[in-house]
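Contents: one structure, followed by commentary.
What follows is calculated from the coordinates using simple rules that are stated; it is not laboratory data. No experiment lies behind these values; they were computed from the predicted model shown. Using ideal geometry, Cβ is built from the backbone for each residue, glycine included, and neighbour counts are taken over all protein chains shown.
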Amino acid sequence: MAKPTKEDASLFLQIFIAATADKDYQNATRWLAFEMNETNYDDFRKKYPRGSEGAKNFMKIGNYAEVLGTLVNRELLSEDLVFEMWGDLLWDKAKPIVYGLRKDLAMPRFLENYEVCAMKYPKWAENNPPKV
């Protein structure tokens with residue numbers, strides 16, 4: 001992908017500002033990163049049934065990551081900006097839950113842009129080693 005543009009930066013900042021202004025999003029991010037430890041869909045569903053706070057948190061982050069993934073995958077937002085800030089968007093944690101939801105909802109493309117974007121991350125990380 002081409003070097004990030006000022007247009008990329010502007011869109012990126014709009015997304016960032018919207019996310020950081022949303023207390024529910026901030027709580028959901030903390031929850032996924034530090035509290036949600038289920039490694040398979042059945043355990044997740046038992047602990048976080050539909051309508052529960054955990055299920056809502058997961059969907060908030062999944063939908064956010066899907067939007068970012070869609071923009072990155074359609075080359076409307078620089079993957080450099082997204083990956084440098086958010087890495088793989090916690091895909092490894094989310095993956096078994098997303099796969100379970102796809103099956104449960106009979107929606108094989110559910111959050112697919114999130115997954116495709118996260119699949120690009122390892123190559124990006126290989127080509128962009130840590131700065132410090």
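Here are a few things to note about the model shown:
- Degrees separating the helix 53-73 axis from the principal Cα axis of the chain, which is the longest one: 30
- Taking a straight line from the alpha carbon of Lys47, these aspartates and glutamates sit under 18 Å away, with near neighbours fewer than eight places off in the same chain left out: Glu35, Glu38, Asp104.
- The alpha-carbon atoms of the chain define a convex hull whose volume equals 116 cubic angstrom per residue.
- Taking every alpha-carbon pair under 8 Å whose residues sit at least 6 apart, region 1-73 reaches a relative contact order of 30 percent.
- Least to most buried among Asp104, Asp8 (fewest other Cβ within 10 Å first): Asp104, Asp8
- Cβ crowding within 10 Å, taken as a proxy for footprinting-reagent exposure, orders Tyr114, Tyr121 from fewest neighbours to most as Tyr121, Tyr114.
- The alpha-carbon of Lys3 sits under 16 angstrom from the alpha-carbons of these aspartates and glutamates, leaving out residues fewer than 8 places away in its chain: Glu75, Glu79, Asp80, Glu84.
- Among 58-66, 122-130, the peptide with the highest mean count of other Cβ atoms within 10 Å heads the list, and the full ranking is 58-66, 122-130.
- If you plug the beta carbon distance of Lys46 and Asp22 into 1/(1 + (r/R0)^6) with R0 = 35 Å, you get a FRET efficiency near 0.80.
- Acute angle (nearest 10 degrees) that the helix 91-105 long axis makes with the longest principal axis of the chain, alpha-carbon atoms: 50
- Restraint check, Lys6/Lys123; Lys46/Lys103; Lys93/Lys131; Lys93/Lys120; Lys6/Lys93, Cα-Cα greater than 27 Å: Lys6/Lys93
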